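The values are calculated or read from the model by the stated rules, or taken from the named source; none is laboratory data. Predicted, not measured: the structure shown is a model, and the values here were computed from it. We place every Cβ from the backbone using ideal geometry, glycine too, and count neighbours over all the protein chains shown. The accessibility values were calculated without ligands, DNA or RNA, using every heavy atom of the protein model including side chains. Shrake-Rupley method; radii C 1.70, N 1.55, O 1.52, S 1.80 Å.
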Amino acid sequence: MNILVTGAAGFIGAALSLRLLQRGDHVVGLDDLNDYYDVSLKEARLARLRAHSGFVFEKIDIADRAAMKNLFARCRFDAVMHLAAQAGVRYSIENPSAYIDANLVGFGNVIEGARRAEVGHFVFASSSSVYGANAKLPFAEDDSVDHPVSLYAATKKANELMAHSYAHLFRLPCTGLRFFTVYGPWGRPDMALFKFTRGILAGEAIPVFNRGEMVRDFTYVDDIVEGVIRVIGRPAQADPAWSALAPKPSSSNAPYGIYNIGNHQPVKLMRYIEVLEQCLGKKAKLDLLPLQAGDVPETIADVSRLEAAVGFRPTTSVESGIARFVEWYRAYYHV
């Protein structure tokens, strides 16, 4: 297959692109290499991809409408995996315009390009953040997601709605994937595991929000990639059982679907830190802080829908996943 991966220099995008290349696909990787975090880490991820003859890199900002239009005019894609976005719940409070530009304008440019090029499957990254103020656990795709508690979450909900409209109007097969707290080697420096590791090794106090009373469905990056690959190969289809009198949010009479990808093994934040301490061989100094604006206390994924559709559910334990991250971190940073 010839696949466009947006955000290819990012954490998940680079891991996915590598797997696709290893199985023989041709990948056009798009990224603007912005400085939201260390650009050298993005370049190092790209270097691994450039080693494969089937990889082509395009340095483009998805908010650039003309550049995106030109890309889709030059290249033909069997599928698009749209991962490029401005990430981070907390940063959306500080810099909302970055989310408007990348997650709304940029998303519109990518899906419009996919529609005009008649791409066979448009897959995009949503987020567990869309569940917002919901307290019912585990989170399921047929739950209402009308109460986001951050602008980041609101943009991801908007992406789901935009994709549905394209599926309905143009019969473009669209599948949204709600990722749950992804971690692992080559991860983002702004995420908890990266910050905790750096802080513990430096002997600094690490910020622990909600005083550690958090539960997360930590999902190892390789599990995310496996789920994504299986979904890419299964273009969304209209649900013949869908009813306009009792509409299900997870499906449609258009070729559209939504899936959670989470580990379904919720872990307390303090246990997460404990495992990291064991892997590093060093105790953490904790700076216990209140819950931050935009955060939610618990996330747990119901992944039964994903398992039924593609025969896969994530299985990597935090004990195994954190150990692999620490091994990578020590090798990459020589510590």
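Structure notes:
- Failed criterion for residue 277 (all others in (1) closer than 16 Å to residue 160 by Cβ; (2) acidic (Asp, Glu); (3) assigned to a helix (DSSP H, G or I) hold): (1)
- Extreme residue, nearest to residue 13 (Cα to Cα), among residues of the stretch 109-124 that are assigned to a helix (DSSP H, G or I) and open to solvent by less than 20 Å² (accessible area, probe 1.4 Å): 110
- The stretch 57-91, residues that are at pLDDT below 95, open to solvent by 40 Å² or more (accessible area, probe 1.4 Å) and outside any helix (DSSP H, G or I): 90
- For the stretch 163-182, filtered to residues that are assigned to a loop (DSSP other than H, G, I, E, B) and more than 19 Å from residue 139 (Cβ to Cβ), the residue that is least open to solvent (accessible area, probe 1.4 Å) is 172.
- The listed residues are 160, 94, and the only one of them that is modelled with pLDDT under 95 and either over 19 Å from the mean Cα position of the chain (by Cα) or open to solvent by less than 40 Å² (accessible area, probe 1.4 Å) (or both) turns out to be 94.
- Taking the stretch 194-211 as the range and being open to solvent by less than 20 Å² (accessible area, probe 1.4 Å) and either touching a Lys or Arg at 6+ places or on another chain (Cβ under 7 Å) or closer than 22 Å to residue 264 by Cβ (or both) as the test, the residues that pass are 194, 200, 206.
- Taking the stretch 304-335 as the range and being crowded, with 16+ Cβ neighbours inside 10 Å and not in a helix (DSSP H, G or I) as the test, the residues that pass are 312, 313, 314, 316.
- With respect to the conditions (1) surrounded by 14 or more Cβ atoms within 10 Å (Cβ to Cβ); (2) within 26 Å of residue 133 (Cβ to Cβ), residue 242 falls short on a single one, namely (2).
- Odd one out for residue 191, checked against (1) among the aliphatic types (A, V, I, L, M); (2) buried (at least 21 other Cβ atoms within 10 Å of the Cβ); (3) under 14 Å from the mean Cα position of the chain (by Cα): (2)
- So residue 148, is it surrounded by fewer than 18 Cβ atoms within 10 Å (Cβ to Cβ) and under 27 Å from residue 35 (Cβ atoms): no
- Of residues in the stretch 248-274 being polar (S, T, N, Q), assigned to a loop (DSSP other than H, G, I, E, B) and open to solvent by less than 70 Å² (accessible area, probe 1.4 Å), the one nearest to residue 168 (Cα to Cα): 252
- Residue match in the stretch 29-46 (condition: farther than 25 Å from residue 121 by Cβ, over 21 Å from the mean Cα position of the chain (by Cα) and either modelled with pLDDT of 95 or more or part of a loop (DSSP other than H, G, I, E, B) (or both)): no
- Of all residue pairs spaced 6 or more apart or on separate chains, those with beta-carbon atoms under 8 Å, a first member in the stretch 238-253 that is among the aliphatic types (A, V, I, L, M) and a second member that is open to solvent by less than 70 Å² (accessible area, probe 1.4 Å) and not in a loop (DSSP other than H, G, I, E, B) are 238/256.
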